[in-house]
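Every number here is computed from the coordinates shown, using simple stated rules; none is lab data. Not measured: the values here are computed from a predicted model. Virtual Cβ from ideal backbone geometry, glycine too; neighbours counted across all protein chains shown.
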Amino acid sequence: MRTLLIVLDETPEMLNAMRYAAIRAAKTGGNVEILAIISPEEFQHFMGVADVMRQEAREKIEAHFQIFKDRMEKREGITPKLAIREGDKVDCILNYIKENPHVGLLVLGAGTGKDGAGPIVTALTGRRLSELTIPLTIVPGSMTKEQIEAVT
């Protein structure tokens with residue numbers, strides 16, 4: 001059974017990655033894991049304040065995850081798992097894949113704005129592509145739900 005990995009963030013294109021992964025996993029008998037990454041720059045304060053901020057970030061991630069978990073269970077019958085890491089986003093993704101050999105596919109959503117596909121997609125299709133040990137699927141942010149359903 002193959003596990004599809006997506007990265008949880010607050011970008012609109014993440015929704016396309018999530019939809020694609022859930023539908024694909026449901027059709028192929030796979031699983032979905034959602035990786036949320038907390039950037040360490042968010043906590044460069046006094047130790048006590050940083051700990052409170054870190055806990056608040058985790059609570060926000062877990063609440064965000066619950067929404068997507070409920071949606072995947074209701075629509076696709078898939079119950080995703082959540083992993084939370086702290087550090088550089090690309091490093092965390094690559095390390096998570098290395099540490100979890102059951103992960104067989106990374107699914108990312110590509111941005112549609114003037115800034116390009118997004119920093120993670122740019123890094124993993126550019127200078128850091130050779131570090132990936134699994135296939136990468138990029139779901140364009142401009143795809144509609146119907147288009148995503150048609151290609152999965």
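Result for the chain in a Gaussian network model with C-alpha springs under 10 Å: among 126, 77, 104, the largest mean-square fluctuation is at 126. Using helices alone, what [θ] at 222 nm do you get for the chain, with -39,500 (n - 2.57) per DSSP H run of 4 or more residues, divided over all residues and rounded to the nearest 500? After summing the helix terms and dividing by residue count, I get -15000 deg cm²/dmol. Straight-line cross-link partners of residue 89 among the lysines, defined as a Cα under 16 Å from its Cα and at least 8 positions apart when in the same chain: 98. Charge tally around residue 150: other residues with Cβ under 14 Å, Lys/Arg +1 each, Asp/Glu -1 each, net +2. Quick note on region 70-152: its Rg to Rh ratio, both from C-alpha atoms and Rh being the Kirkwood radius, is 0.98. Candidate cross-link partners of residue 69 among the lysines, defined by an alpha-carbon separation under 16 Å and a same-chain spacing of 8 or more, comprise 60, 81.
This ranking places 33, 13, 99 by how few other beta-carbon atoms lie within 10 Å of each, fewest first, which gives 99, 33, 13. Measuring between their Cα centroids, region 81-102 and region 1-30 lie 15 Å from each other. Taking Cα atoms, how many degrees apart are the long axis of helix 12-28 and the longest axis of the chain, rounded to 10 and kept between 0 and 90? In the chain, helix 12-28 runs at an angle near 50 degrees to the longest axis. By the equivalent-ellipsoid construction on the alpha carbon gyration tensor, region 3-151 comes out with semi-axes of 25, 18, 15 Å, ordered largest to smallest.
Taking the fewest neighbouring Cβ atoms within 10 Å as the starting point, the ordered list for 93, 138 is 138, 93.
In order along region 88-99, the phi-based Karplus estimate (6.51 cos²θ - 1.76 cosθ + 1.60, θ = phi - 60°) of 3J(HN,Hα) comes to 5, 4, 5, 4, 4, 4, 4, 5, 4, 4, 5, 7 Hz; Gly and Pro are listed as x.
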